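These notes are about the structure you will find just below.
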Amino acid sequence: KNVLSPASAVATGAAHGGGEQVTELQEQLEIAVLQLMVYEALSKRAGDGGGAATGFAAAADADAAALEPTAEEMETLRLQLLDVSSIYNDYAARHCEWGLCLQTIHVCAHDNLDVVSQLWRAIVWRQVPRAASHADVAQWLQRCREGLLE
């Protein structure tokens, strides 16, 4: 019995004129891999209590802690192939998985620079401490969190 790997099956399909079907399969595979990445990230968060957020994104992350994925949501991620919009909106963005949001945008070849910029800003600010011992730095951080500075 001849068993092909997914990559060689895709290549074989393309060689036999199934270009559209191959492209569709490649896209579905990319979405499935993305969904697996989201599932694994949310599984880790659930296992460590969600982790401690710091910086500008901490408020959004605190909201996400209240929205930890339910067992039903995790089961859906594990058992059903979701559309990319659901993966992004219902899982990655809802649970503040900003890097996975960027990955989703990349997979979809989405080019909304405002969204990409907001996601990168959230990733960077997640690394900035919530407080500082120097008064000027603490004041600057507070103004940034309030949206007064970009």
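The values are calculated or read from the model by the stated rules, or taken from the named source; none is laboratory data. If you're wondering where the values come from, they're calculated on a predicted model, not measured in any experiment. Because the Cβ atoms are built from the backbone with ideal geometry, glycine has one as well, and the counts that use them run over all protein chains shown. Remember, those area values only see protein heavy atoms, side chains included, never the ligands or the DNA or RNA. Shrake-Rupley method; radii C 1.70, N 1.55, O 1.52, S 1.80 Å.
Miscellaneous remarks
- One residue stands out in segment 85-124 among those that are hydroxyl-bearing (Ser, Thr, Tyr) and closer than 27 Å to Glu72 by Cα: the one that is surrounded by the fewest Cβ atoms within 10 Å (Cβ to Cβ), namely Ser85.
Residues checked against (1) closer than 15 Å to Glu27 by Cβ; (2) within 14 Å of the chain's Cα centre (by Cα); (3) at pLDDT 95 or above:
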residue: Asp61; (1), (2), (3): no, yes, no
residue: Ala64; (1), (2), (3): no, yes, no
residue: Ala71; (1), (2), (3): no, no, no
residue: Arg78; (1), (2), (3): no, no, no
residue: Ala93; (1), (2), (3): no, yes, no
residue: Glu97; (1), (2), (3): no, yes, no
residue: His106; (1), (2), (3): yes, yes, no
residue: Ala109; (1), (2), (3): yes, no, no
residue: Asp114; (1), (2), (3): no, no, no
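- Taking the criterion of being at pLDDT below 90, part of a helix (DSSP H, G or I) and among the small types (Gly, Ala, Ser), the residues of segment 1-56 that qualify are Ala7, Ser8, Ala9, Ala11, Gly13, Ala14, Ala15, Gly19, Ala46, Gly47.
- Of all residues in segment 75-95, those that are assigned to a helix (DSSP H, G or I) have Cβ atoms under 9 Å from Cβ atoms of residues that are exposed (fewer than 13 other Cβ atoms within 10 Å of the Cβ), 6 or more apart or on another chain, in Leu77/Leu36.
- Residue list for segment 104-123, filter: among the aliphatic types (A, V, I, L, M), free of Cβ contacts under 8 Å to residues at least 40 places away in the same chain and either touching an Asp or Glu at 6+ places or on another chain (Cβ under 8 Å) or not in a loop (DSSP other than H, G, I, E, B) (or both): Ile105, Leu113, Val115, Val116, Leu119
- Restricting attention to segment 133-150, the residues being open to solvent by 40 Å² or more (accessible area, probe 1.4 Å) and either among the aliphatic types (A, V, I, L, M) or touching a strand residue (DSSP E or B) at 6+ places or on another chain (Cβ under 6 Å) (or both) number 4.
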